[in-house]
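The values are calculated or read from the model by the stated rules, or taken from the named source; none is laboratory data. This one's a predicted model, so the numbers in the text were calculated from it and none came from an experiment. Here the Cβ is made from the backbone with ideal geometry for all residues, glycine too, and neighbour counts use every protein chain on show. In case anyone asks, the SASA skips ligands and DNA or RNA and just uses the protein heavy atoms, side chains included. Shrake-Rupley method; radii C 1.70, N 1.55, O 1.52, S 1.80 Å.
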Amino acid sequence: MSAEKKEEKQREEDQRESSETGLRKEILNEAEKLRDYLTDCRRKLHKNAETGFDTDKTAKIVKDELKKAGIDPKDCGKNGIVAQIGGKKKGKVFLLRADMDALPVREETGLSFAAENGNMHACGHDMHAAMLIGAARILKSHEAELNGTVKLMFQSAEEIFCGSKDMIKNGVLKNPAPDAAMMLHVMTGTPVSTGTALVSAPGVSAPGADYFTVTVRGKGCHGSMPNLGVDPITAAAHIVIALQELLSRELAVSERAVLTVGQISGGNAANVIPETVALSGTLRTYDEETRARLKKRIAEISGSIAGAFRAEAETEFSNGCPSLFNDEKLSADAVRYVKELLGDRGASAQDNGGELKSAGSEDFAYISRETPSVMIALGAGGVKEGYEYPQHHPKACFDENALPVGCALYAYIAERWLRENS
């Protein structure tokens, strides 16, 4: 290479680096200026916690805030919201997703803005929605500079693994189709400190999930004469124990799965053997072959054990989702971007001493199976910072200092990726 070409290449690299530095500083400054606004949005969403697809108030709050920013939100499926920013310049499409449903958990945080309707944002989805609303404002102010389009996806019913699937069915991945997608999830009650972002390693980072119910049918009778009936409670008790043995006896040490029976119901009186007992639980697996095999074995074991006690068992699988897959190139790009934006607070999960394989499932998995995707975890309350309760706990709290960081992450990653790829 000639000296002139080397100098020209160096000038181009210097210009690019200067441009990236300017973008980083600008977005961080803009996100910081939105701190109070983000906090207000988050608290409004938190106080009005809603579950499943029943998120009318939540969806209205989100749409109203987007409209205030000059963005035109569209309904997509059951209380899903989609919006677009950019398109002034031809280029690719980057999708940013935030979930916005809560859990049917009665809040015990004592916060002044705690929900009082029996629901709770115990998983931090109110944080996600507020962050993406803020990022939308930043991206709108940069709209003329965007090399392509940013697509916003706000979804309900993540906790029951139905929201993403419903929005895909209703066209969220069409007109225009995204070329890449990103989700962000906050964490509390973990060793990860507030404002630290960890990018998932390529491959599976969240397991597939399946909800199941085993209904055991026996023959009811008086509790003093069990010989005249068939006791479904005894059969159900043995099924629960046997299902736990399934993982320890039928999985290789290299395979990972979690099986939890979280609910057992049956009987109305202490002196009556009931006709039926139902037990419900979840199965989480990282490999689709393992997932199919274990689902088959759950049904076989339940039926066989019930039969040994003269009862019958029927196994039904309801809501579920596949494992979440992170695209190799997008994951590598995202690592660069979070390090540019956050410095030492940005890292890959591998750099942090692990692969960030969560045992919690995530219905963004449906998006990841259709579009190159990446999942980023953001600390929002570390154990050393006094946040002792984990997500889904009635006393779980989230550090609102993470809000500007998440807002900046959404905006910066989308704009940076479009600059590099359009």
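Brief remarks follow.
- Chain lengthening between D344 and E145 when straightened (0.36 nm per residue, less Cα-Cα): 68.9 nm
- Annotation: aspartates and glutamates with alpha-carbon distance below 18 angstrom to K296 (same-chain offsets under eight excluded): D210, E245, E250, E255, D287, E288, E312, E314, E316.
- Solvent-accessible ranking of H128, H238, largest area first, probe 1.4 Å: H238, H128
- Taking label points 7 Å from Cα along the Cα-to-Cβ direction, V240 and K89 give a separation of 6.0 nm.
- Cα-Cα over 19 Å, subset of K67/K90; K88/K169; K63/K151; K74/K174: K67/K90; K88/K169
- Average accessible area per residue (Å²) across the range 202-286 - probe 1.4 Å, nucleic acids and ligands excluded: 49 Å²
- Descending Cα extents along the principal axes, the range 305-422, whole Å: 65, 40, 24
- Largest GNM mean-square fluctuation across L409, L259, L378, computed for the chain with C-alpha springs under 10 Å, falls on L259.
- Working from label points 7 Å from Cα in the Cα-to-Cβ sense, the R35 to E314 distance is 5.8 nm.
- Note on K25: lysines with a C-alpha under 16 Å away, same-chain residues under 8 apart excluded, are K33, K339.
- Helix 125-141 and the longest principal axis of the Cα set of the chain meet at an angle near 20°.
- Electrostatic tally near K219: other residues with Cβ closer than 14 Å to its Cβ, Lys and Arg +1, Asp and Glu -1, net -1.
- Percent of Cα pairs exceeding the 19 Å cut-off, where the set is the range 26-91: 47 percent
- When Rg and Dmax are taken over the Cα atoms of the range 227-322, they come to 14.5, 47 Å.
- Hydrodynamic radius of the range 71-170 per Kirkwood, over alpha carbon pairs, in Å: 14.8 Å
- Within-10-Å neighbourhood charge of A130 [Cβ basis; K, R +1; D, E -1]: -1
- Just so you know, the Cα atoms of the range 162-285 work out to an Rg and Dmax of 22.1, 68 Å.
- Restricting the range 62-92 to trypsin sites (Lys or Arg not before Pro) in coil, as DSSP defines it, with at most 12 other Cβ within 10 Å: K90
- For R97, the accessible area of its heavy atoms, probed at 1.4 Å with every protein chain present, is near 0 square angstrom.
- Spin-label model distance (nm) - K174 vs M225, 7 Å beyond Cα toward Cβ: 6.3 nm
- Applying the Kirkwood pairwise sum to the alpha-carbon positions of the chain produces a hydrodynamic radius of 23.1 angstrom.
- Taking 0.36 nm per residue of sequence separation and removing the Cα-Cα distance, the E108/K25 pair yields an extension gain of 26.0 nm.
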